[in-house]
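Peer 1: Below is one structure. I have some questions about it.
Taken together, the values in this text are just the output of simple stated rules run on the coordinates, not laboratory data. As the structure is a computational prediction, the values presented were derived from the model and not from experiment. Here the Cβ positions follow ideal geometry from the backbone for every residue, glycine too, while neighbour counts run over all protein chains shown.
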Amino acid sequence: MTSGDYYARLVIEIESLERDTMILDAFNKPNKLSWDILDSVVSHAIDNLELDTGVIKELNIIFKGANGDNCGYFDGLEDEDDGIAAIEINSKKSVDVIITTIFHELVHVQQVLTGAFDDVAKTWHGETYANVDYDNLPWEIDAFDKEAALYASWKA
């Protein structure tokens, strides 16, 4: 499939983890983001966040041409029994912002898998955070810290 295809499926082989493969489904991937880069970014996140590809068997990345400041969104584990995680990414942003946003949203996948973050109840280690600004939510602070480290190590 070409980079302009609306929907494409890529099977990522994570040899460094010596684990199962994971299916990467990309919807409406922008042409400016190559498959090689997307594969590299997702593989780097899986390896460094130690996301178990035996648990997460499929990652859906939905690229949307959203306007405004929103860069991405963690849609949660769509079907936890089938191991499907989903994230949305603003395709109008620059490639570097898209990459850091993918890292950020995959940190949320890690947080849910480890039980630190409940994305439905909006709790962090069992504590509810109501009326807290986005930038002060502990799961966002953690994701921003890790996204920066992931991006730096990926670029190196």
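Peer 1: Starting from the Cα of residue 57, step 7 Å along the direction of its Cβ; do the same at residue 145; then give the gap between the two resulting points in nm.
Peer 2: 3.4 nm
Peer 1: May I ask which of 29/146; 32/146; 32/64 have a Cα-Cα span longer than 21 Å here? Walk me through the numbers before you get to the answer.
Peer 2: Values: 29/146 24 Å; 32/146 24 Å; 32/64 14 Å.
Over 21 Å apart, Cα to Cα: 29/146; 32/146.
Peer 1: At a Förster distance of 25 Å, what's the computed FRET efficiency of residue 31 paired with residue 70, Cβ-Cβ distance as r, to 0.05?
Peer 2: Details: r = 21 Å, r/R0 = 0.85.
Approximately 0.75, to the nearest 0.05.
Peer 1: Another question, then. Would you pull out the residues with amide H under 5 Å of residue 90's amide H, same chain only if 5 or more places away, H placed 1.01 Å from N?
Peer 2: Distant-sequence amide H within range of residue 90: 64, 72.
Peer 1: Take the Cα pairs of region 7-155, get the Kirkwood Rh, then feed it into Stokes-Einstein at 10 °C and 1.306 mPa s and tell me D in µm²/s. Don't skip to the end; give the middle numbers.
Peer 2: Working: Rh = 15.5 Å.
After rounding, the answer is 102 µm²/s.
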